[in-house]
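The values are calculated or read from the model by the stated rules, or taken from the named source; none is laboratory data. The shown structure was predicted, so the numbers you read here are calculated from the model rather than taken from an experiment. Here the Cβ positions follow ideal geometry from the backbone for every residue, glycine too, while neighbour counts run over all protein chains shown.
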Amino acid sequence: GHVYAASQDAGRVYIVDTGTNTVGGSVAVSDGPAAFGLFIGPQATACDTTALEQELAAAQRQVAALQAANQALSSANQALITENERLRAELKAAQTLVDSFVYRLFGHPADGNVAAAARAVALAALTDARAKVPGDRRLRVAQQSFDQGEAAMRRSEWGRAVHEFRETYEMAERILGERYSHKHRR
């Protein structure tokens, strides 16, 4: 005898009298009521939601997998950002060192960068000479020159430090009987 119709716009369920085809009343409900399923028929039927629930579960698994993938990408991105910052710092330091050497080539006095590079080369040559010719009496003289170079660096006497490290390098070169500078120029 009656039909119930949901009105999403009005937020109400209307009761329609099927005998007179008029609205007999309405009931206020929450915002946006929706009607679904078969309400008029010879026999009441149930709405089977099994397929929808399975699709919902599959969609939730996919969302979880995408969130995990997003987290992994975010972590990888952060690692790349950190590595990029490290490489930029190294590049800046290398550029500073190159600039120092160029200024030195153009007649400017040596600076801490040039002295540090000269120290590294002298130490490598001295270490090599110690390893290959451990009993050579000139190693003591080379070590003294190296120590004087380090003392000059502590006093920020860059030119003096470079001079002492050059002496160390040349002594180690003579001890080894090789001319590293000529080999590296070729």
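Listed values, structure above:
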read-out	value
Residue 32 modelled with pLDDT of 80 or more, outside any helix (DSSP H, G or I), on the phi > 0 side of the Ramachandran plot and surrounded by 10 or more Cβ atoms within 10 Å (Cβ to Cβ)	no
Matching entry among 141, 162, 102 (being at pLDDT below 90 and of a type in the set (A, V, I, L, M, F, W, C))	102
Residues of the range 35-60 classified as in a loop (DSSP other than H, G, I, E, B) and at pLDDT 75 or above, total	2
